[in-house]
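Below: the structure, in structure tokens.
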Amino acid sequence: MKRQVPLVLCFVFGIAMIFTRFSPHSVSQWIYEEVISWILIIGPFALVLATVTLIQTHTTRIRRRTEHWQYSLVVFAGLIIMVLIGVPFGPQNSIFEWLYNNVQLPMDATMFSLLAFFIASAAYRAFRARTFEASLLLLTAVVVMMGNVPIGDFIWNTIMSWSPWTDKVSEARQWILDNPNLSARRGIILGVSLGVISQSIRIILGIERSYLGGGD
Amino acid sequence: MNMDRRIVFILVALAVIIPMLLSVNLPVSVSEPTQKFYDYVESLPAGSTIMIGFDYGPSSLAELNPMAKALLKQCFDKDIRVIGMTLVVDAPTLVSALIQEVAAEKGAVEGEDYVFLGYRPGEIQVMLGIGTDIASVYDTDYNGTAISEIPMMQNITNYDQIDLLVDFASSDTVESWIIYANVQYNQKIAAGVTGVIIAQMFPYLQTGQLVGLLSGILGAAEYENLVGAPAKGMQWINVESFVHLLIVVLVIVGNITYFIHRSREA
């Protein structure tokens, strides 16, 4: 029973939503709009689930004194402080805004900024023209990287000032994005879409049941 | 030969700091996707409505805030009404500040020229909900004012009254907007995205599902140029130029040393 009910619900709603896409009838549209409202109500429950999981994970770490368990205390401190200020007083509260602007925002931005340093280091170590394919990747990366910034065209225009060809680096970058990149991406999108369709049919028909958990 | 990575880090820091101190100003040409974006907004008559999804958090604001700012300036200059919203939980505070800053500069009035709806959870649910009735998703704006009491929202119910949807994104929200707002409701969409996801967007640009596209800091700089308001985008693309140049030089040096090492071994 515990497994049959979700399977039946999944089948009924899956078929109903497919049906609403192909029928402009008023009843069909009413069903569609009603289900959308339900989804809007059900959706936020994921936040509760996420919060409970976060608390469980970090409580276990603190209890077992796993490596760097002290950071879990920081997680709880951040969570409790922001909830205690944000929920009763709202996100426009001056203390909430101060914490956001002076703690969360700079930390978040700093973490992302560090990527520039690691990318530079990784590019120096990893980009080697060992094979033909690696050389092709290397050349493409250099063209796109230089075409993505004005200094690429500036260098080209300075060196090739005697010729009528200008801004060729950014043009080459655009050509790479518009042609080989676009073709490859489209292939990936088509493949993924077909996969999603087949997986959806399997879920609606109850063939794929892993979303219920516990194997089977 | 392997250079100590701390040296690489110092070189990157210098490539950022020196051009910033010297205020380098390289010429920026405008790419076709950016021009299309600008032209589409320019073609909208005064009184049109643009919905902007500010779908990024603090980690991507350096790339996306400048382009969002340039678009807001263009909208307020042209008397285009702006509906702001976000699907990212940690975005509302920074977005609210950004809109208010530009509105104050351009003399735009909240509730008449613009409204910021804030955040609602559930990406797809929100996109589909806006298609039926905005008020079913956002009963109030970010300040808590009921949607029914906001003057500019009186005649706006769903996508039918929105002339363009712009998504500034650092993740896959653009693709979701295309699937649920463009395909399902025929909503015109333009996007501004971070450099790392730009390659994913080109198939949609070619099919016309995106009417225009801004690519990272370069897109922001190009758009600032078009709007005639050079700001952070222009400043940062010059800095980024030198970091990219440094990376290319490092790759070349790395390959030269690799080939020297290989020939010695052989």
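Can you confirm whether the range A:161-171 contains a residue that is assigned to a helix (DSSP H, G or I), more than 13 Å from chain B (Cβ to nearest Cβ) and of a type outside the set (S, T, N, Q)? Checking the range A:161-171: not a single residue is assigned to a helix (DSSP H, G or I), more than 13 Å from chain B (Cβ to nearest Cβ) and of a type outside the set (S, T, N, Q). Farther than 30 Å from A:PRO180 by Cα, of a type in the set (Gly, Ala, Ser) and part of a helix (DSSP H, G or I): does that describe B:SER176? So B:SER176 fails the test.
For the residues B:VAL196, B:VAL166, the requirement of being crowded, with 20+ Cβ neighbours inside 10 Å, within 23 Å of B:GLU63 (Cβ to Cβ) and within 15 Å of the chain's Cα centre (by Cα) singles out B:VAL166.
For the residues A:ASN157, A:ASN181, A:ASN102, the requirement of being in a helix (DSSP H, G or I), without any contact (Cβ under 8 Å) to a residue 60 or more places away in the chain and surrounded by fewer than 12 Cβ atoms within 10 Å (Cβ to Cβ) singles out A:ASN102.
For the range B:182-204, which positions are under 30 Å from A:TYR32 (Cβ atoms) and in a helix (DSSP H, G or I)? Scanning the range B:182-204 gives B:ASN182, B:VAL183, B:GLN184, B:TYR185, B:GLN200, B:MET201, B:PRO203, B:TYR204.
With respect to the conditions (1) touching a strand residue (DSSP E or B) at 6+ places or on another chain (Cβ under 9 Å); (2) within 8 Å of chain A (Cβ to nearest Cβ), B:ALA199 lacks only one, and its number is (1).
Let's see how each residue does on (1) of a type in the set (Val, Ile, Thr); (2) within 17 Å of B:LEU213 (Cα to Cα):
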{"site": "B:TYR40", "(1), (2)": "no, yes"}
{"site": "B:MET85", "(1), (2)": "no, no"}
{"site": "B:GLN100", "(1), (2)": "no, no"}
{"site": "B:LYS106", "(1), (2)": "no, no"}
{"site": "B:VAL109", "(1), (2)": "yes, no"}
{"site": "B:GLU123", "(1), (2)": "no, no"}
{"site": "B:GLY131", "(1), (2)": "no, no"}
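Checked against (1) at pLDDT 90 or above; (2) within 22 Å of B:ALA220 (Cα to Cα); (3) facing chain B (nearest Cβ under 8 Å), A:VAL143 passes all but condition (3).
Among the residues of the range B:211-266, those that are of a type in the set (D, E, K, R) and either free of Cβ contacts under 8 Å to residues at least 24 places away in the same chain or surrounded by fewer than 20 Cβ atoms within 10 Å (Cβ to Cβ) (or both) comprise B:LYS232, B:GLU240, B:ARG262, B:ARG264, B:GLU265.
Being more than 8 Å from chain B (Cβ to nearest Cβ), surrounded by 12 or more Cβ atoms within 10 Å (Cβ to Cβ) and among the hydroxyl-bearing types (Ser, Thr, Tyr) holds for only one residue in A:SER135, A:SER121, and it is A:SER135.
Restricting attention to the range A:40-54, the residues that are over 21 Å from the mean Cα position of the chain (by Cα) and either within 14 Å of another protein chain (Cβ to nearest Cβ) or not in a helix (DSSP H, G or I) (or both) add up to 2.
Just so you know, in the range A:81-99 the residues that are in contact (Cβ under 8 Å) with a residue 12 or more places away in the chain and under 14 Å from B:ASP90 (Cα atoms) include one that is nearest to the other protein chains (Cβ to nearest Cβ), and it is A:PHE96. Return yes when A:PHE118 is assigned to a helix (DSSP H, G or I), touching a Lys or Arg at 6+ places or on another chain (Cβ under 9 Å) and closer than 23 Å to B:SER170 by Cα and no when it is not. Criteria met by A:PHE118. When the range A:113-140 is filtered for residues that are hydroxyl-bearing (Ser, Thr, Tyr), within 16 Å of B:PHE259 (Cβ to Cβ) and modelled with pLDDT of 90 or more, the ones remaining, listed by number, are A:THR131, A:SER135.
Screening B:ILE10 against (1) buried (at least 22 other Cβ atoms within 10 Å of the Cβ); (2) in a helix (DSSP H, G or I); (3) of a type in the set (Val, Ile, Thr) leaves a single unmet condition, (1). Each residue in the range A:56-92 was checked for being touching a Phe, Trp or Tyr at 6+ places or on another chain (Cβ under 9 Å), loosely packed, with under 14 Cβ neighbours inside 10 Å and over 23 Å from B:GLY144 (Cβ atoms), and 2 pass. Taking B:MET153, is it touching a helix residue (DSSP H, G or I) at 6+ places or on another chain (Cβ under 8 Å) and more than 28 Å from B:ALA62 (Cβ to Cβ)? It is true that B:MET153 is touching a helix residue (DSSP H, G or I) at 6+ places or on another chain (Cβ under 8 Å) and more than 28 Å from B:ALA62 (Cβ to Cβ). Among all residues of the range B:223-231, there is at least one that is hydroxyl-bearing (Ser, Thr, Tyr), under 24 Å from B:MET20 (Cα atoms), more than 12 Å from chain A (Cβ to nearest Cβ) and in contact with a strand residue (DSSP E or B) (Cβ under 9 Å, 6 or more places away or on another chain). Kindly evaluate A:LEU212 against the criterion of being away from chain B (no Cβ under 13 Å), out of contact with any Ser or Thr (no Cβ under 8 Å at 6 or more places or on another chain), in contact (Cβ under 8 Å) with a residue 24 or more places away in the chain and not β-branched (Val, Ile, Thr). Judged against the criteria, A:LEU212 is a match. Return yes when A:THR57 is farther than 20 Å from B:PRO121 by Cα and within 26 Å of the chain's Cα centre (by Cα) and no when it is not. Yes; evaluated as a whole, the condition is true for this residue. Does the range B:211-226 contain at least one residue that is part of a loop (DSSP other than H, G, I, E, B) and at pLDDT 95 or above? Taking every residue of the range B:211-226 in turn, at least one turns out to be part of a loop (DSSP other than H, G, I, E, B) and at pLDDT 95 or above. Taken over the range B:24-45, residues that are in contact (Cβ under 8 Å) with a residue 24 or more places away in the chain and either in a strand (DSSP E or B) or away from chain A (no Cβ under 14 Å) (or both) amount to 7. Of all residue pairs spaced 6 or more apart or on separate chains, those with beta-carbon atoms under 6 Å, a first member in the range B:66-93 that is touching a residue at least 24 places away in the same chain (Cβ under 8 Å) and a second member that is of a type in the set (Gly, Ala, Ser) and part of a helix (DSSP H, G or I) are B:PRO66/B:ALA220; B:PRO66/B:GLY233; B:MET67/B:GLY219; B:MET67/B:ALA220.
The values are calculated or read from the model by the stated rules, or taken from the named source; none is laboratory data. Predicted, not measured: the structure shown is a model, and the values here were computed from it. So basically every Cβ, Gly included, is an ideal-geometry build from the backbone, and we count neighbours across all protein chains shown.
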